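Quick note: the coordinates plus some simple rules give every number you see, no bench work behind them. Keep in mind that this is a model prediction, so the values were computed, not measured. All Cβ positions, even for glycine, are placed from backbone atoms using ideal geometry, and neighbour counts span all protein chains on display.
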Amino acid sequence: MLAPEVPMSHSVAGEPSSAGRRAAPLTTAAYSAAEWDLLTGLPGRVLVAAAEPAPGGPPRGVAAGLAGLDAVAAGRASDSDLVRAVVAAIYARHDGAAAEDRLTDLVDVLAACRATVRVLRRRADPADSAAYRQWVQSVAARVRRATAGAPAGGAVTPADRRFLDRLGGALDLG
């Protein structure tokens, strides 16, 4: 089943598109069902992986999960048609698929990131590809920075930096 076409002449929230946004509609039909599932599932998988405690470290807590959800929702305001369409699909999902139902092993998440990059290289506009990959990275960064005791936007631990570096590498953010 192909994902439905998402018109992009209006933002996900229904406001008219801003002047800097492309007027051309983005169609999710450019992606196979498996590719679209990969694109819409990756942000949740990254959120869950980022919320895992560092080895021997304390649990990240509710604040980290909420920061991740907020980062996913922030994609609604993206200049990227692709990011807005992915967020709309995430919020419209009624199939019971949740991030918790997916594998969150870091090796699997990094492999999913690399697979997503391959799909984006083949199918997405380069600007949309970059925006999507940066948005997914920002989800992880906001989760990691929300760890108890870390100030908003503050420094991350060396373990957090290694995680974010590995994720950035898998997302080809060099």
| What FRET efficiency do you get for Arg118 and Leu66 if R0 is 22 Å and r is their Cβ-Cβ distance, rounded to the nearest 0.05? | 0.10
| message | Please compute the modelled spin-label separation between Ala127 and Ala111, points set 7 Å along Cα→Cβ, answer in nm with one decimal. | response | 3.5
| Once label points are set 7 Å from the Cα along Cα→Cβ at both Ala77 and Thr157, what is their separation, rounded to one decimal in nm? | 3.0
